[in-house]
1. How do LEU10, LEU24 stack up against each other in accessible area, from largest to smallest, with a 1.4 angstrom probe?
2. Give the long-range amide H neighbours of TYR25: residues separated by 5 or more places, or on another chain, with amide H under 5 Å away, using H modelled in the peptide plane at 1.01 Å from N.
3. Enumerate the amide H contacts of ALA54 below 5 Å, restricted to partners 5 or more residues apart or on another chain; note that Pro and chain-start residues carry no placed amide H.
4. Taking the Cβ of GLY55 as the centre, find all other residues whose Cβ is under 15 Å away and add up their charges (Lys, Arg: +1; Asp, Glu: -1).
Amino acid sequence: MKIVSCFSGLEEITPLIRAGADELYCGIKELAPFGHGCLPLGDIGKAIRKIHAAGKRSALAVNHIYLCH
């Protein structure tokens, strides 16, 4: 069984991994995600590096993109 968990801040990553999460995902505020679990675009690289350093997988949830003209 694979455990996948949403996170909404960098400080949540380590406790979720310790609790058994195999993969972590979040949205990006600038891409209009649905619900909670949103990071600012500037934090996504830090989050991915932290997750991968722990040997886990990361995913990005994108539910809608607003096109600006």
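The values are calculated or read from the model by the stated rules, or taken from the named source; none is laboratory data. Everything quoted here is computed from the prediction, not taken from an experiment. Cβ placement follows ideal geometry from the backbone for every residue including glycine, while neighbour counts extend to all protein chains displayed. Side chains included, ligands, DNA and RNA excluded: accessible areas come from the protein's heavy atoms. Shrake-Rupley method; radii C 1.70, N 1.55, O 1.52, S 1.80 Å.
1. Ranked list, largest accessible area first: LEU10, LEU24.
2. Here SER5, CYS6, PHE7, ALA59 satisfy the definition.
3. For ALA54, whose amide H was placed from the backbone, there are no distant partners under 5 Å.
4. +4
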